[in-house]
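To start, the structure under review is shown below, and the notes come after it.
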Amino acid sequence: MRPIRRCHVCGSHFRRSPDRRHGRMRVRRRVDPDATLPETAFVCDDCRPEVVDLTRHWEPNTEACGFCDRAADETGEVALESVVDDRIVSQGTYRLCRGCEDVFATFLADVHAGVDLPASWTHTPSAAGAVFDRDEGDLRVETTAPTDPEPRLRLLDASESVLEAVPRGPPRERAREFVAAFEAFYPAEVAPLGAAVVDGHPGLRRPEYSSVCNCPHT
């Protein structure tokens, strides 16, 4: 099953397609380590022009800032790619000075769509970890506690663990994002659908060793 990705702008979920072009942004280096730029973000075909309108005049592969064209002692680096069916059809790497890095971060924050919990799911707060249950059926998504040194997100069906992932960042937020992407393509076979969500989410990865099968992940 193809990875499921979420558009940073409109919040819709999509799979790569040979008939549609989507955008991918990767931050390779920051001037400000606290800048709010996402490490990786995707933009769907419909929203891609909104980002292109800002970046179309950037100059790639220059010593100066690619946005304002001024020399800078330090620059960050952002890679922008246009992708069709995971084939990169155009790309550019751009250096950004601190001021332009802030401008780009603000732009991405302004256009970003938050993640709403689907109406068919409920969230039960718990100090031991987040719990999300689907109202119909026996599906559950749960996480370990935020302070757990080895955080995990688990998808359960009828109390049986069918998939686990390692979240990067707040586990509850990653679980909410997982649930939203999962529900966008449900109903489908549970384990492959969950795996497609993990594979398409930059803040989730499969563990090296899975407790689901008690074996190394392959």
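The values are calculated or read from the model by the stated rules, or taken from the named source; none is laboratory data. This one's a predicted model, so the numbers in the text were calculated from it and none came from an experiment. FYI the Cβ positions are ideal-geometry reconstructions off the backbone, even for glycines, and counts take in every protein chain you see. What goes into the accessible areas is simple: the full protein's heavy atoms, side chains included, and nothing from ligands, DNA or RNA. Shrake-Rupley method; radii C 1.70, N 1.55, O 1.52, S 1.80 Å.
Look through Pro125, Pro60 and report the one residue that is modelled with pLDDT under 95 and closer than 30 Å to Asp19 by Cα. Show your work before the answer.
Numbers: Pro125 fails: closer than 30 Å to Asp19 by Cα.
Result: Pro60 is the single residue among Pro125, Pro60 that is modelled with pLDDT under 95 and closer than 30 Å to Asp19 by Cα.
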Those residues that are open to solvent by 20 Å² or more (accessible area, probe 1.4 Å) and not in a helix (DSSP H, G or I), I need them from the range 167-193; list them, please.
-> Arg168, Gly169, Pro170, Tyr186, Pro187, Ala188, Glu189
Matching residues, the range 84-130, being part of a strand (DSSP E or B) and either among the aromatic types (Phe, Trp, Tyr) or on the phi > 0 side of the Ramachandran plot (or both) = Tyr94, Trp121
For Glu142, state whether it is under 22 Å from the mean Cα position of the chain (by Cα), modelled with pLDDT of 95 or more, of a type outside the set (A, V, I, L, M) and closer than 21 Å to Met1 by Cα.
-> no
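When you go through Pro151, Pro207 one by one, which is the residue that is touching a helix residue (DSSP H, G or I) at 6+ places or on another chain (Cβ under 9 Å) and in a loop (DSSP other than H, G, I, E, B)? Outline the logic, then answer.
Details: Pro207 fails: touching a helix residue (DSSP H, G or I) at 6+ places or on another chain (Cβ under 9 Å).
Of Pro151, Pro207, the one residue that is touching a helix residue (DSSP H, G or I) at 6+ places or on another chain (Cβ under 9 Å) and in a loop (DSSP other than H, G, I, E, B) is Pro151.
Looking at Arg48, Arg29, Arg87, which is the one that is open to solvent by 70 Å² or more (accessible area, probe 1.4 Å) and in contact (Cβ under 8 Å) with a residue 12 or more places away in the chain?
On the way: Arg48 fails: open to solvent by 70 Å² or more (accessible area, probe 1.4 Å); Arg87 fails: in contact (Cβ under 8 Å) with a residue 12 or more places away in the chain.
Step by step, each of Arg48, Arg29, Arg87 is checked, and only Arg29 is open to solvent by 70 Å² or more (accessible area, probe 1.4 Å) and in contact (Cβ under 8 Å) with a residue 12 or more places away in the chain.
Would you mind stating whether Thr62 is within 29 Å of His13 (Cβ to Cβ), more than 17 Å from the chain's Cα centre (by Cα) and open to solvent by less than 50 Å² (accessible area, probe 1.4 Å)?
Taking the combined requirement at face value, the residue does not satisfy it.
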